[in-house]
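The values are calculated or read from the model by the stated rules, or taken from the named source; none is laboratory data. Given the structure is predicted, the values throughout are model-derived calculations rather than measurements. Cβ coordinates were reconstructed from backbone atoms using ideal geometry, including for glycine residues, and neighbour counts include every protein chain displayed.
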Amino acid sequence: MKLTRRRGLIAGLSLAVFVAAAATFAWGQLQRYALEPIAITVDAIPITSFDTRDPAQLRFGALMFRGGLALTSKHPAFGGISGLHMEPDGAHFIAVTDRGSWLRGRIVYDNGKPAGIADAELAPILGADGTPLAAHKWFDAESLTERDGMLYVGIERVEQIVRFNYRRDGLKARGEVVKVPADFKTFINNKSLECLVAPQHGAPHAGELIAVTEESLDADGNLRAFVLKGAETVRFSVKRSDEFDVSDCTVLPPGDLLLLERRYSVARGVAMRMRRIPLAAIKEGAVVDGPPLIQADLAYQIDNMEGVGIHQTPQGETVLTLVSDDNFAPIQRNLLLQFTLAE
């Protein structure tokens, strides 16, 4: 066995055990959110190759690797990045952390590759009363999407979706709880609202919210999923395979649901996958599936990948930006990775 492969397997076992422990430990770590809006410094180490064994390889499945960053900051609330929204310019972004903070900033590029993070800010995610949601134990923000200028955040453990007028109020926006089906109360604790997406105008299900659970399963062992259409709810399932669970999603133009998935176990280590599913296939009672765009384990530059955003370049390229959740753990990393769709 090659040394790099052996190290990867050992790291995979250690990380899998630690991720499971960190997820349990997170409940008691409510202090890990920003108390007020604050500018922070984020240090970034470039990642120039995705495959640790072959630095020259650029294509992975249906994606081309553009570059990446390993991110650190001295601010104690930095980390746990679990949902990401990219602005159309491909530089500015806003993210949520699983301890109840907003993270906003700008990706700095060098010859089209991520080179650093500028203008970074942290702020508490606020409730309707203006106090941090995390102070009320609504801290586990895991999914993020934009619809008609409003940001929607999915919060696990309390199984709620909260809406923010971010375009008007910025990081001081106050949350408004969105009515959700009674089904949400039956989700498995800490295994629910990892994917929240609003298809753009012109796509199937445009103007609706789609939610896919992380690992709340139906009777056939598939992932429970929903289309929220005002007072109407469409219930469907996403085929679960190879022990992968959903960790985020976005819409791939012109009309596909792109799922970011992860797997971790003591036996198999850590892996990530992205899967493409036609939005048109989503109907009441349907079980939807689609081909993977990429799959990678710890022989590649991955960690606990939890967020995905999308933008298009002026040249028409579709760029996917992935971020990882370090669980505020010293053996994990906050990564930002970018890929271009090659097909």
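Observations, loosely collected:
- When each of Arg66, Arg32 is tested for being under 30 Å from His136 (Cβ atoms) and either in contact with an Asp or Glu (Cβ under 6 Å, 6 or more places away or on another chain) or at pLDDT 50 or above (or both), the lone residue that passes is Arg32.
- Residues satisfying the stated conditions in segment 226-267, i.e. assigned to a strand (DSSP E or B) and over 26 Å from Ala95 (Cβ atoms): Lys229, Glu232, Thr233, Val234, Arg235, Phe236, Ser237, Ser265
- Residue selected from segment 69-102 under the condition on the phi > 0 side of the Ramachandran plot and in contact with an Asp or Glu (Cβ under 9 Å, 6 or more places away or on another chain), by the criterion surrounded by the fewest Cβ atoms within 10 Å (Cβ to Cβ): Gly79
- The criterion of being part of a strand (DSSP E or B) and among the small types (Gly, Ala, Ser) holds for Ala120.
- Within segment 296-323, being outside any loop (DSSP other than H, G, I, E, B), out of contact with any Gly (no Cβ under 7 Å at 6 or more places or on another chain) and of a type outside the set (A, V, I, L, M) holds for Tyr300, Glu306, Gly309, Gln312, Thr318.
- The one condition in (1) assigned to a loop (DSSP other than H, G, I, E, B); (2) out of contact with any His (no Cβ under 7 Å at 6 or more places or on another chain) that Pro199 fails to fulfil: (2)
- Gly61 being more than 18 Å from the chain's Cα centre (by Cα), farther than 25 Å from Val212 by Cα, in contact (Cβ under 8 Å) with a residue 24 or more places away in the chain and surrounded by fewer than 17 Cβ atoms within 10 Å (Cβ to Cβ): no
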